[in-house]
Amino acid sequence: CEYNLTKVELENYLTDDVIKMVQSKIEGQPLEVKQLMVIMSFIPNNATLSTLIALLRSEGVTPSKVEKLMKYAVKQGMIIHQMKSDKYAFAHDKIREASFNVIPQGRPRDELLMRISMALIHLAYSEESEYEWAFFVAVDHMNSVSPELAPGIELSRLNFRVGVMNLAKGATFNANASFLAALARLNDSGSKWKEEYQFTLKLLNRVIVSEFSMGNFEMAFSYVEEVLENATSLKDKSTAYLYRMKTLAEGENRDYSIGVAEGLKICELYDVKFTNPPKKSDLIKESVQLKVALRNRPLTVLGDLPLAEDSSIFLLLKEVMDYAAISDNAGLFTVIADRSIQLALQKGRSKELMLILIIRASSLTRDLSKLKIAIKYASAAEILSEVFQKENKALCAEVRLRAMSVFSLHRPFRDCLGTMLDAYRPLKNAGNMRFALGAGMAYSYMYLNAGLPLNSPLIEPKLILFGEVANRAQMATFEMFFSAYRQMIINLRKRKKNWTTLKGDVFDEDAFLRSVEGNARAMSLRDTSTLRLILAFIFWDKECMVAMLDNLSNFADPDIIPARACLRLCFIGLAGFEMGRNKIANKCLDYFKTLSKFGSPNATPIYHFMNATASPSRARYDDVISLCKEARMVHLAAMANERCGMFLSHLGDDTSKEYIVAAYWLYHDWGASSKTTNMLEQHYFLKDATLVYRKPASNSSSDMRLANRIR
């Protein structure tokens, strides 16, 4: 009886009842055929001929014989040759299962698995790029065999290596399992903290970080105590001390002030002392000492410093600084930032220093009077990111992302878009999904603020991409934002009615808000209300404007994403003045006034637009329109023209039509087709005017080229 059934016949007839028969047929094959089938069952399906040659060589089968065996197995219908990939696979899972069970569990099977594993490891070391998978398979097999067959310390090292590889792929859970397996083998070897001091320290540090990242704080703490008891120097204990602080802060009671207190104790081991909480005199003293240490040099001089021999103190200071911020200990936060720079001038630069600088820069943007100082810190962090680019692309991408958010307060948003997209990929590849999607969110807000075309082939595909990534990462609020943004664009481009509701093919606001609660719901409502307020202002839905202003009454302040704050405060201010909500509108006006004084090209047109809305006149609107065109903000130029036209219309001024026609074409250039259709229905004269009259073209064509150039 030959195995010459087709795959369909195998699917229909090869059931569990005939597994034993298939197994007996395999056992009845020549020894080398049986070896081939068994070995193939212990590696992933779809194997290359070269892989099978290497594995069967350890069983004494020559390469030429392997080729003959493969042809025989294919002819017999047990194996199929996938011509396109030039790989071999079992013709059916049941044949694979039967082959897997030919050798029962026991020593002979364990010895075979060890031979297979050693051959796979040899392949992996010789051609790692092609055979990276072989490490995973080999270590998995070696972990399953009898301990006396797999040397403990060697297997511990292999598990450690696989754990590091898993981390690089973002597989945190699998990495944790590999590190724990490595630790178990190390414990069995009897060489822990003895002959293998350095490896033990390296492994336990990985276990501590891994257990902490999995939320296993008690286990992490127990390993911390073991390292602190056995490590022989402060440098060797640095990771353990850091995570002692973090586990105490993040433990069952989650008290970040405890983390701060513990962190300050550890800082004293490095001869770095702080008063907590610092007095005003401490803040002044620290600031003066920093100025003296800099000797009139800019902060960017930090990029010219030599590399610090030991950066553990900077990592510790960065974490204490984070906990101080969370604990609302602003004074300590500031003192740590200043002291870190002084220490860097003594010890040298480090990756952790650039994080300290950018965290400090971001915090300073909450007080716009300190914007110039924030930009100095961000510039220094950006220069350090260039220095460390080759060493850690993802971390440097995060720093540049955060630096550009600071710079966007005084640079055109359109000039910041490329950096956002450049940061997205390395952050995503490193598994830092929060910042990767944060880059996507910032890009989306900047795109809308810049007034770039809604019909660009790059904006909606980007939103779809970001949304899919958020879905796979199970980050619902990010996924919500990208879907809501897409729905807003659809409303502006394709809808014939109900423009101000976010309910359609890609998003349903009410359904989503019912699915979340607490802070997640509050932040989601903030973001959807902002988008709906924009739509309400454009389509002049007064009832919706009032409702959205109510929703946003507690959100008239800047936040950590300047582009998001700019968009939200812009329309709170514009709609607020129109709807008589002068208190909240004036608060937004002050924000843009301050930025405008700093020369922000994004804020200046908005500030003048709000002034014109608060106290309308043709001259004021003309200034706004000129500023918007100069800044190439076609969307705001369209709105300013329309508002001016409606203002003049109420005064009975017939020149209002010129502004309405101009608004129509600007909305057209922006890609807001739903709005232009709506305007044709509202204004009878547009039907004739738009056939014969066209204002000088806006910058939409060059904007489209810009949008298409962004990658």
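Against the longest principal axis of the chain, how steep is helix 518-539, in degrees 0 to 90 to the nearest 10, with axes from Cα atoms?
Tilt relative to the chain: about 40 degrees.
Dividing the convex hull volume of the alpha carbon atoms of region 348-403 by its residue count, what do you get in Å³ per residue?
Here the figure is 60 Å³ per residue.
Keeping all protein chains in place, calculate the accessible area per residue for the chain (probe 1.4 angstrom), answer in Å².
Value returned for the chain: 46 Å² of accessible area per residue.
Within region 159-205, report the trypsin sites (Lys or Arg not before Pro) that DSSP leaves as loop and that have at most 11 other Cβ atoms within 10 Å.
Within region 159-205, the qualifying trypsin sites (Lys or Arg not before Pro) (loop, at most 11 other Cβ atoms within 10 Å) are K194.
For region 354-491, what is the Kirkwood estimate of the hydrodynamic radius, computed as the reciprocal of the mean inverse distance between distinct Cα atoms, to one decimal in Å?
One over the average 1/r among Cα pairs gives 15.4 Å for region 354-491.
Looking at region 286-398, I'd like the Rg to Rh ratio, where Rg is from alpha-carbon atoms and Rh is Kirkwood's inverse mean 1/r.
0.93
Dipole of the chain (Lys/Arg Cβ +1, Asp/Glu Cβ -1, origin at the Cα centre): which of S673, M165, V469 lies farthest to the positive side?
My answer, from the dipole projection, is S673.
Can you compute log10 of I(q)/I(0) for the chain with the Debye formula, treating each Cα as one identical point scatterer, at q = 0.07 Å⁻¹?
Once normalised to I(0) and log-transformed, intensities are -0.68.
What is the local net charge at C588, summed over the other residues whose Cβ is closer than 11 Å to its Cβ (Lys, Arg +1; Asp, Glu -1)?
On the way: positive: R568, R581, K583, K587, K593; negative: D557, D590.
Within the 11 Å Cβ shell, the charges total +3.
Please compute the length gained on full extension between L307 and R57, using 0.36 nm multiplied by the number of residues separating them and subtracting their Cα-Cα distance.
That works out to 85.1 nm of additional length.
Please report the carbon-and-sulfur percent of the accessible area for region 32-153; probe 1.4 Å, protein heavy atoms only, DNA, RNA and ligands left out. Numbers along the way, then the final one.
Working: 3070 of 5710 Å².
Solvent-exposed carbon and sulfur of region 32-153 make up 54 percent of the total.
Label 7 Å along Cα→Cβ of K34; region 60-82 residues with amide nitrogen under 19 Å?
Residues 60-62, 66, 69-70, 72-74, 76-79 fall inside that zone.
Mean 1/r over all different Cα pairs, inverted: what Kirkwood radius does region 460-597 give, in Å?
15.5 Å
Can you give the Rg to Rh ratio of region 190-315, both from alpha-carbon atoms, with Rh computed by the Kirkwood formula?
1.06
Find how much the distance from R297 to E27 grows on full extension, using 0.36 nm per residue of separation minus their present alpha carbon separation; answer in nm with one decimal.
So the chain would gain 89.2 nm between R297 and E27.
Hey, got the Cα dimensions of region 406-448 along the principal axes, in Å, largest first?
The principal-axis extents, from largest down, are 30, 15, 14 Å.
Determine the share of region 335-470's accessible area contributed by carbon and sulfur atoms, expressed in whole percent, with a 1.4 angstrom probe.
47 percent
Among the GluC sites (Glu not before Pro) in region 181-221, which ones are in a DSSP loop with at most 15 other Cβ atoms within 10 Å of the Cβ? Mind listing them?
Passing sites in region 181-221 are E195.
Around I359, with a cut-off of 12 angstrom between Cβ atoms, what is the net charge of the other residues, counting Lys and Arg +1 and Asp and Glu -1?
On the way: positive: K318, R360, R402; negative: E319, D322, E352, E398.
Computed value for this residue: -1.
Roughly speaking, what is the stretch gain from K390 to D653, that is 0.36 nm per residue apart minus the C-alpha to C-alpha distance, in nm to one decimal?
Details: separation 263, 0.36 × 263 = 94.68 nm, distance 6.32 nm.
Extra length available between K390 and D653 comes to 88.4 nm.
Can you compute the radius of gyration and Dmax for region 179-261, using only the Cα atoms, both in Å?
According to the Cα coordinates of region 179-261, Rg and Dmax are 13.0, 41 Å.
Which value, in Å to one decimal place, does the Kirkwood hydrodynamic radius take for region 26-180 when every pair of different Cα atoms is included?
On the way: mean 1/r = 0.0613 Å⁻¹.
Evaluated on region 26-180, it is 16.3 Å.
Can you work out D for region 54-136 in µm² s⁻¹ from Stokes-Einstein, where Rh is the Kirkwood radius over C-alpha pairs, the temperature is 37 °C and the viscosity is 0.692 mPa s?
The calculation lands on 227 µm²/s.
With equal scatterers on the alpha carbons only and no solvent term, can you work out the Debye log10 of I(q)/I(0) for region 414-506 at 0.12, 0.13, 0.22 1/Å?
-0.37, -0.43, -1.11
Assigning unit charges at the beta carbon (Lys, Arg +1; Asp, Glu -1) and nothing else, what dipole magnitude in debye, to the nearest 20, does the chain show about its Cα centre?
Magnitude of the dipole: close to 2060 debye.
Positive end of the dipole of region 500-596, charges at C-beta (+1 Lys, Arg; -1 Asp, Glu), about the Cα centre: which of A547, A585, S529 has its Cα farthest in that direction?
Towards the positive end, the residue furthest out is A585.
Please list, in order along region 277-292, the HN-Hα scalar couplings obtained from phi with the Karplus expression 6.51 cos²θ - 1.76 cosθ + 1.60 (θ = phi - 60°), rounded to whole Hz, x for Gly and Pro.
Those phi angles translate into x, x, 7, 4, 5, 5, 5, 5, 4, 5, 5, 5, 5, 5, 4, 5 Hz.
At 7 Å along Cα-to-Cβ for each site, give me the label-to-label distance between Y197 and S50 in nm.
With each label point 7 Å from Cα toward Cβ, the separation is 4.3 nm.
Hey, what did region 435-569 get for relative contact order, percent, Cα under 8 Å, at least 6 apart?
23 percent
Please turn the phi angles of region 192-206 into ³J(HN,Hα) values with the Karplus equation 6.51 cos²θ - 1.76 cosθ + 1.60 (θ = phi - 60°), one per residue in order, whole Hz, x for glycine and proline.
My calculation for region 192-206 gives 5, 6, 10, 5, 10, 4, 5, 5, 4, 4, 4, 5, 5, 4, 5 Hz in order.
Would you mind putting 303-313, 620-630 in packing order, based on average other-beta-carbon counts within 10 Å, highest first?
Details: 303-313: 15.5, 620-630: 19.7.
Ranked by mean Cβ neighbours within 10 Å, highest first: 620-630, 303-313.
Using alpha-carbon positions, what is the distance between the centroids of region 261-283 and region 595-651, in Å?
About 50 Å separates the Cα centre of region 261-283 from the one of region 595-651.
Too long at a 23 Å Cα-Cα cut-off: which of K494/K687; K34/K94; K273/K393; K71/K94; K273/K347?
Flagged as over cut-off: K273/K393.
Kirkwood Rh and Cα-based Rg: tell me the resulting Rg over Rh for region 549-691, rounded to two decimals.
Ratio of gyration radius to Kirkwood radius: 0.98.
Using only helices, what value at 222 nm comes out for the chain when you add -39,500 (n - 2.57) per DSSP H run of length 4 or more and divide by the total residues, to the nearest 500 deg cm²/dmol? Walk me through the intermediate numbers first.
Values: 36 runs with 506 residues, N = 711.
Using -39500 (n - 2.57) per qualifying helix, the result is -23000 deg cm²/dmol.
Amide H neighbours of K87 under 5 Å, at least 5 residues apart or on other chains, H built in the peptide plane: list them.
When sequence neighbours closer than 5 places are left aside, the close amide H contacts are Q82.
If each of A511 and Q82 carries a label point 7 Å out from its Cα toward its Cβ, how far apart are those two points in nm?
Between A511 and Q82, the label points sit 3.6 nm apart.
Measuring from a point 7 Å past the Cα of K372 along Cα-to-C-beta, which residues in region 405-437 have an amide N at less than 18 Å?
407-411
So how far, in whole Å, is the C-alpha centre of region 451-471 from the one of region 322-392?
32 Å
For region 475-550 and region 111-162, what is the separation of their C-alpha centers, rounded to whole Å?
The distance from the Cα centre of region 475-550 to that of region 111-162 comes to 53 Å.
P(r) tail for region 110-179, what percent of Cα pairs lie past 20 Å? Could the numbers behind the result be given before it?
Working: 587 of 2415 pairs.
Tail of the P(r) past 20 Å holds 24 percent of the pairs.
Out of the DSSP beta bridges found with both residues in the chain, what percent are antiparallel (nearest 5)?
DSSP beta bridges in the chain are roughly 75 percent antiparallel.
Note down the relative contact order for the chain as a percent, whole number, built from C-alpha pairs under 8 angstrom at least six residues apart.
7 percent
Identify all aspartates and glutamates with a Cα-Cα distance to K675 below 14 Å; exclude those on the same chain that are fewer than 8 residues away in sequence.
Those aspartates and glutamates meeting the cut-off are D541, E642.
Taking the Cα-to-Cβ direction at R434 and at K597 and moving 7 Å from each Cα, how far apart do the two end points lie in nm?
It works out to 3.5 nm between the two label points.
Using r as the Cβ-Cβ distance of N187 and T232, and R0 as 25 Å, what FRET efficiency do you calculate, to the nearest 0.05?
After rounding, the FRET efficiency stands at 0.80.
Quick one: dipole size for region 521-585, taken about the Cα centre, charges +1 on Lys/Arg Cβ and -1 on Asp/Glu Cβ, in debye to the nearest 20.
Here the size comes out at about 80 debye.
What number, in percent, do you get for the relative contact order of region 539-652 if the mean sequence gap of Cα pairs under 8 Å and at least 6 apart is divided by its residue count?
Working: 101 pairs, mean separation 19.1, N = 114.
With pairs under 8 Å counted, the relative contact order is 17 percent.
The values are calculated or read from the model by the stated rules, or taken from the named source; none is laboratory data. Not measured: the values here are computed from a predicted model. All Cβ positions, glycine included, derive from the backbone under ideal geometry; neighbour counts span all protein chains shown. Side chains included, ligands, DNA and RNA excluded: accessible areas come from the protein's heavy atoms. Shrake-Rupley method; radii C 1.70, N 1.55, O 1.52, S 1.80 Å.
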